[in-house]
Amino acid sequence: MSLANAAKLLFLMAQAHDRRYARAAARWLTRYISETKDLTPAMLSDAADALADLESGDIDAAERLLAAVKTTG
């Protein structure tokens, strides 16, 4: 599964209040770290913040998460 598709799945999990969200989000973040060239602490912080915001119901966080995926190049 691509990182972008995994982010979309996280969005669905967060909307459904799936109890597995936190673990899935941590796995996603690990993949993001390993697949992103020239990762900066700010980029990592932004992605982690988006994951936390998504869990708390901020639907705009999904867009920020997908934007983070575009930086993996």
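The values are calculated or read from the model by the stated rules, or taken from the named source; none is laboratory data. Computed from a predicted structure; not experimentally measured. Using ideal geometry, Cβ is built from the backbone for each residue, glycine included, and neighbour counts are taken over all protein chains shown.
Some values worked out for this structure:
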quantity	calculated
Scan of the range 31-50 for residues that are surrounded by 15 or more Cβ atoms within 10 Å (Cβ to Cβ) and farther than 21 Å from Ala14 by Cβ, ordered by number	Thr36, Leu39
Scope the range 51-60; condition crowded, with 17+ Cβ neighbours inside 10 Å and under 18 Å from Arg31 (Cα atoms); matching residues	Leu51, Leu54
Index of the failed condition, Trp28 passing every other in (1) loosely packed, with under 15 Cβ neighbours inside 10 Å; (2) assigned to a helix (DSSP H, G or I); (3) modelled with pLDDT of 95 or more	(1)
Selection count, the range 35-58, where residues are part of a loop (DSSP other than H, G, I, E, B), aliphatic (A, V, I, L, M) and in contact (Cβ under 8 Å) with a residue 40 or more places away in the chain	0
Subset of the range 36-73 [among the acidic types (Asp, Glu) and in contact with a Phe, Trp or Tyr (Cβ under 8 Å, 6 or more places away or on another chain)]	Glu55
